[in-house]
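What follows is a set of notes on a single structure, which appears directly below.
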Amino acid sequence: MTLPQPAPLVLRGRRFDAARPAVMGIINRTPDSFYPPARHLELDDALSRAASMISEGVDIIDVGGVRAGQEGDWVTEAVEIDRVRPFLVALRLAHPELLISLDTWRAEVADACAGLVDLVNDTWAGADAGLVAVAAEQGAGYVVSHTGGLAPRTDPTGVYYGPGDGVVEHVLSGLAEGAKRAVSAGVASEAVLVDPTLDFGKRTVDSLRLVAATGRFLALGHPVLMAISRKDFVGETLDLPADERLEGTLAATAVAAWQGATVFRAHDVRATRRVVDMVASIRGDRAPLRSERGS
């Protein structure tokens, strides 16, 4: 069987592709993340979790200072910077070779973190038009997302993209435009990721359809990031709370990995690393670490 080959991701000279998909670990510098084990507001606790992720096989650590959804208090730019920048400084000092991502939609926050990050994860689809330019100025990669036009920290209501693959076509169009803007702004093409952005501006049935259509996003010519981990579409599909969504997350991860997604944003680094490596080997892109049986 001939399977599509994803566009590689290249950050700071490191390459991730079908043979070596990247696992992006999540550290939320927030007191109110939807998944409590990902809350690491204390500096020492966050550093300890980062060290654990590295031992579990993480490739990139994604650091955020604001809860994605509309629940909880509004967080100003100053507070967001105070949450993320000291940790980014400490993380870079402790692990200088680690690839670090900043999860923010604000140019001011990314600018305050200059020299500390390798990737800007803009999960709100260019809500701050200046953010992509900041990423380009820093020589960082950039994540292009799709939120259906929602403002930051807005939960979806009354969503409908039309019948059949309407949501897939809408997301493809939006990501293509966002990727073009990023490259035009000066971000290296191989460092522009496209993220269908499951749950954001979408119903559960939309997110399921997007996972099933992962392979179609490879046609955009950029590495595909899938942020599946413990999201509401997994919880609603199986009627499970966030702390019981690991199996559903890993099933969706395997489907997306088989179709060629390159980067997987995950709370559960070790489990995700094993799943994507196993899928890469089944695809024929990665050799087993041992092959002794029957020899």
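The values are calculated or read from the model by the stated rules, or taken from the named source; none is laboratory data. Since the model is a prediction, treat every value here as computed from it, not as a measurement. In this analysis, Cβ positions are derived from the backbone assuming ideal geometry, glycine residues included, and neighbour counts consider all displayed protein chains. These area figures cover heavy atoms from the full protein model, side chains too; ligands, DNA and RNA do not enter into them. Shrake-Rupley method; radii C 1.70, N 1.55, O 1.52, S 1.80 Å.
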Compute and list, largest first, the equivalent-ellipsoid semi-axes of region 69-167 from the alpha carbon gyration tensor, each √(5λ) rounded to a whole angstrom.
28, 16, 12
In region 160-210, which chymotrypsin sites (Phe, Trp or Tyr not before Pro) are in a loop and have at most 12 other Cβ atoms within 10 Å, using DSSP for the loop call?
Tyr160
Go through 19-27, 281-289 and give me the packing order, highest mean Cβ count within 10 Å leading.
19-27, 281-289
Round to the nearest 10 and report in Å² the accessible area of Leu98, as given by a 1.4 Å probe over the protein chains' heavy atoms.
10 Å²
Rounded to whole Hz, the Karplus (6.51, -1.76, 1.60) HN-Hα couplings of region 131-142, x for glycine and proline
5, 5, 5, 4, 4, 5, 4, 7, x, 8, x, 8
Label the chain by shape, choosing from rounded, prolate and oblate, from the square roots a ≥ b ≥ c of the eigenvalues of the Cα gyration tensor; if a/c is under 1.5 it is rounded, and otherwise prolate applies when a/b is larger than b/c, oblate when it is not.
rounded
Helix-only mean residue ellipticity at 222 nm, the chain, DSSP H runs n ≥ 4 weighted -39,500 (n - 2.57), per residue, nearest 500. What is it?
-11500 deg cm²/dmol
Taking 74-82, 206-214 and ranking on average Cβ neighbours within 10 Å, highest first, one gets 206-214, 74-82
Spelling out what I want: for every residue of region 84-90, take phi, set θ = phi - 60°, compute 6.51 cos²θ - 1.76 cosθ + 1.60 (Karplus), and round to whole Hz; glycine and proline get x.
9, 5, x, 5, 4, 4, 5
Over the chain, relative contact order from alpha-carbon pairs under 8 Å, at least 6 apart, %
22 percent
In terms of the ratio Rg/(2.2 N^0.38 Å) built on C-alpha atoms, what value belongs to region 133-262?
1.06
Once neighbouring chains are kept in place and the probe is 1.4 Å, which whole percent of the accessible area of region 53-115 is contributed by carbon and sulfur?
52 percent
If ligands, DNA and RNA are left out, what is the accessible area of Arg92 with a 1.4 Å probe, given in Å² to the nearest 10?
40 Å²
Could you pull the accessible area for Ser295 with a 1.4 Å probe, rounded to 10 Å²?
130 Å²
Taking N as the number of residues in region 124-206, what is its alpha-carbon radius of gyration divided by 2.2 N^0.38 Å?
1.13
Extension length gain for Val10 and Asp45 (0.36 nm per residue less Cα distance), in nm, is 9.6 nm
√(5λ) per eigenvalue of the Cα gyration tensor, region 53-121, largest first, Å
21, 14, 10
In whole Å, what are the Cα extents of region 1-139 along the three principal axes, biggest one first?
50, 35, 30
Can you work out ³J(HN,Hα) from phi for every residue in region 69-78, in order, using Karplus 6.51 cos²θ - 1.76 cosθ + 1.60 and θ = phi - 60°, giving whole Hz and x for Gly and Pro?
x, 7, 5, x, 6, 5, 10, 6, 4, 5
Over region 3-60, what number does the Rg to Rh ratio reach, with both radii from the alpha-carbon atoms and Rh per Kirkwood?
1.10
Counting only heavy atoms of protein chains, what accessible area per residue, in Å², does the chain have with a probe of 1.4 Å?
43 Å²
Determine the gain in length on full extension of the stretch Asp82-Met278; use 0.36 nm per residue of separation and subtract their C-alpha separation, reporting nm with one decimal.
66.6 nm
